[in-house]
Amino acid sequence: MASLSLSSVHFSSTPSRSTVSTSPSPSLPIFRSSISCHSRRLRRRLSFSLIPCRTSHSFGASASQIKCSLDEPLKVMISGAPASGKGTQCELIVQKFGLVHISTGDLLRAEVSSGTDIGKKAKEFMNSGSLVPDEIVIAMVAGRLSREDAKERGWLLDGFPRTYAQAQSLDKLNVRPDIFLLLDVPDEILIDRCVGRRLDPVTGKIYHVKSYPPESEEIKQRLVTRPDDTEEKVKSRLQIYKQNSKAIISAYSDVMIKIDANRPKEVVFEESQTLLSQIQLKRMIRTDKASPVQDNWRGIPTRLNNIPHSRDIRAYFYEDVLQATVRSIKDGNTRLRVDINIPELNPEMDVYRIGTLMELVRTLALSFADDGKRVKVCVQGSMGEGALAGMPLQLAGTRKILEYMDWGDDETLGTFVKLGGIGGKEVDEEDDMFILVAPQNAVGNCIIDDLQAMTTAAGKRPVVLINPKLKDLPASSGIMQTMGREKRLEYALTFDNCYVFRLLYYAGTQYPIMGALRMSYPYRYELYKRVNEENGKEKYVLISTYSERPTPDQINDAFSGKTREESKKPSGIWSFLGSGFF
């Protein structure tokens, strides 16, 4: 990845320097013409159909129906050492998600008892005490996966594949899981579980002398120890499992999630259920014809420290933000915020480009306008009086840039898209929704009062904040604005994040990129680690997910591989994230 030299990047806040045009001409008309074709392509690609409403301000969840795609059932593999609780988790998963449970042991017994050709071949090896060859086992698994119930309901492969060769054979048959669950338990616990296990030969029920004793003395008297549950044999099985599991993990590293299985079965299943439900949620589709599907998301683009960003990278983020915003509004949410800090949209970096922010705003506005919604794009006006009059530097000239931009058809700007400021008086009856461009406090002046007046006037109409900064700033005297601060922050929290994307660096630096945090409504927060590959390439690998926005401590722990109990005070790797949410 090319390194970012901040000193070598020239930044200008003028419209001509912020545009995506490659033309050397600095004139404002070039800004308009250079993005017009790009705009029309984006509108064709990114326009998502919102079902027209009878009333101009109706954006409720009833506008579209949500259902799960039956074309993409869950495909799960689960692996774990002997006594890791794999059987129990399989039972719970099948019960909850209705998957077809596929165990090679069960398949072998079924094929043998049925007298099939495969069963007869397998029986010959079993009778001679030899292992059944991979090609026979793979043929059985492939045959079971091809049956209608597995295609319709999805499947759970229990403890298979066991070797890298088996994994390769499945891969050649295009058998790939959505997720590979690896149950992790310390060796000493596994040995104790096995050695302490007892079998009731009458009922087939499994007990444990410590953790799950029998209900009566009668049952206790008839319990037996299975032949392979001696300490010596358990250690041997563990050694074989470890040798094979390393290769299996490498084959499925992109979809593997390790789960701490040294916990109560209910706790372990809750985590498994959350992971599988997340996959299902990502496959939720809407019945309208151009509905976005999260599974089509192609992952985080690379080379994000190359400035300026390519058109493909910008279009990727515009589409990602648009999908999340559309989904959130369709679900009836009306107070939304978008936080995205790629280099060109991060005002803390000297490569910040106002034109990139304007293109994002235009993409959102035009997509909703294409569906007949009247969108007001709002930029805060000058704040303060006298020597304190002005606005945040990052917004200087924004209103003029919006006027110069290409909005497509002649009647779009002024009819379906209007420009305005921030405040209660800016809300008109015909407005359907509002997009606010980076609302933020200026030194000595607070935007919260104007913002609150606007949302009150907007009522149930959507208000979307793009990269807001709502924390208090020092007044001209250098002290913080403490009067009413608690209420202002409480109001700021009424806006729900519908999209978050933050690049992660070592504290105090902006290179190299260590990873990224992403959330796209209604999906979970996802933490990615940037990994260098051969030939100078890179990729982003998912390492953790969270139902709520993770803290800097949680991010540190995920990158270091520590559990919360093992972690110490953060070393500062991501400590800048804790400097303020707003």
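The values are calculated or read from the model by the stated rules, or taken from the named source; none is laboratory data. What you see is a predicted model; the values in this text were computed from it and never measured. Every residue, glycine among them, receives a Cβ derived from its backbone with ideal geometry; neighbour counts consider all protein chains shown. Protein only, heavy atoms only, side chains kept; ligands, DNA and RNA dropped before computing areas. Shrake-Rupley method; radii C 1.70, N 1.55, O 1.52, S 1.80 Å.
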Please calculate the 1.4 Å probe accessible area of residue 493, with all protein chains present, and give it to the nearest 10 Å².
110 Å²
Taking H placed 1.01 Å from N in the peptide plane, check which residues at least 5 places from residue 340 or on another chain put their amide H under 5 Å from its amide H.
467, 501
Overall form of the stretch 190-230 per C-alpha gyration tensor (a/c, 1.5; a/b vs b/c)
oblate
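What FRET efficiency comes out for the pair residue 493/residue 274, r = Cβ-Cβ distance, R0 = 35 Å, nearest 0.05? All intermediate terms of the calculation are to be shown ahead of the outcome.
Working: r = 25 Å, r/R0 = 0.70.
Efficiency, from the Cβ-Cβ distance: 0.90.
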Give me the base-10 log of I(q)/I(0) for the stretch 75-288 at each q in 0.11, 0.13, 0.15 Å⁻¹, Debye formula, one uniform scatterer per Cα, rounded to two decimals.
-0.61, -0.86, -1.13
Label point distance in nm, residue 232-residue 109, each placed 7 Å from Cα along Cα→Cβ:
2.8 nm
List the relative contact order of the stretch 75-288 as a percent without decimals, with contacts defined as Cα pairs under 8 Å and 6+ residues apart.
29 percent
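Which sequence of 277, 328, 113 reflects their accessible areas, 1.4 Å probe, from the largest down? Walk me through the numbers before you get to the answer.
Values: 277 45, 328 0, 113 95 Å².
Reading off the accessible areas and sorting them downward yields 113, 277, 328.
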Under the rule rounded for a/c under 1.5, else prolate if a/b exceeds b/c, else oblate, using alpha carbon gyration tensor axes a ≥ b ≥ c, the stretch 490-538 is classed as oblate
How much accessible surface does residue 218 have with a 1.4 Å probe, in Å² rounded to 10?
130 Å²
Short version: ³J(HN,Hα) in whole Hz for each residue of the stretch 189-196, in order, from phi by Karplus 6.51 cos²θ - 1.76 cosθ + 1.60 (θ = phi - 60°), x for Gly and Pro, what are they?
5, 4, 4, 4, 4, 6, 5, x
Cross-link pairs 235/537; 210/233; 151/210; 376/471 - those with Cα-Cα distance over 32 Å
235/537; 151/210
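Grab the beta carbon distance between residue 400 and residue 176, set R0 = 41 Å, and tell me the FRET efficiency rounded to 0.05.
On the way: r = 52 Å, r/R0 = 1.26.
Here the calculated transfer efficiency is 0.20.
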Ordering 409, 320 by the accessible surface of their heavy atoms, 1.4 Å probe, largest first, yields 409, 320
